[in-house]
1. Amide H to amide H, which residues 5 or more places from residue 105 or on other chains are under 5 Å from it, using H placed in the peptide plane?
2. Summing Lys, Arg as +1 and Asp, Glu as -1, what charge do residues with Cβ under 13 Å from the Cβ of residue 80 carry, residue 80 excluded?
3. Going by amide H atoms built from the backbone, whose H comes under 5 Å of the H on residue 59, apart from near neighbours?
4. With a probe of 1.4 Å, find how much accessible area segment 1-104 has per residue, and write the answer as a whole number in Å².
5. By its C-alpha gyration tensor, with a ≥ b ≥ c as the square roots of the eigenvalues, how is segment 2-118 shaped: rounded for a/c under 1.5, else prolate for a/b larger than b/c, else oblate?
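The values are calculated or read from the model by the stated rules, or taken from the named source; none is laboratory data. All values reported here derive from a predicted model rather than from experimental measurement. No Cβ is skipped: glycine too gets one built from the backbone with ideal geometry, and neighbour counts run over all protein chains shown. Keep in mind that these areas ignore ligands, DNA and RNA; they rest on the heavy atoms of the full protein, side chains included. Shrake-Rupley method; radii C 1.70, N 1.55, O 1.52, S 1.80 Å.
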Amino acid sequence: MYFTDTHVQIVSKGVLEPGEQLVSRSVVVDAPWYTFGMWLFHKTYLVLATNQRLVMVEHSRDFFNRGMKTDKVHSVPWSQVQEMKVKGLLAKKLRIVAQSNMRHFKAKMKIPNTFFGLLAPIQDNVQNARVLEQQFSSMRSLPPGPAAAQYGSLPPAAPQMAQPGYGQMQQ
């Protein structure tokens, strides 16, 4: 499981909207306990953080382990992300609690960083996950902007302006 920069650029160009900027990217693996370590049931996510939302591109392995295939794209506006934190002393995990358009994420996903970063799926994978966490904390501290209306939150109601002469008798 290795993601080249070319693969990340192609995927990001396909999922980013006009005006969005890619801030960071990381690879995490969702391996729940009930899979009992069987790699066939693990899901790999390419996590892209933009200035407007969090995009999780779900990859799974081919049955004969020939490679990875892209299954789904989960788009989560920053207002729908409740928690994002890098945890762990030696084995790093990314804890995500979010509601996407297809599913509710509440998981601790492994951040693969094997052999001290020499064979990681993306160069500086753990550092990129920490940048994801910083982007989440900076987006949570900002008030909702004009892009928030596009992703589901309602803008504040505009004050009603009184129109002169409306409802009054003209002389």
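1. 98, 99, 100
2. Around residue 80, the charge tally is +3.
3. Here 44, 45, 46, 71 satisfy the definition.
4. Averaged over the residues of segment 1-104, the accessible area is 56 Å².
5. Rounded, because the longest to shortest axis ratio a/c is under 1.5.
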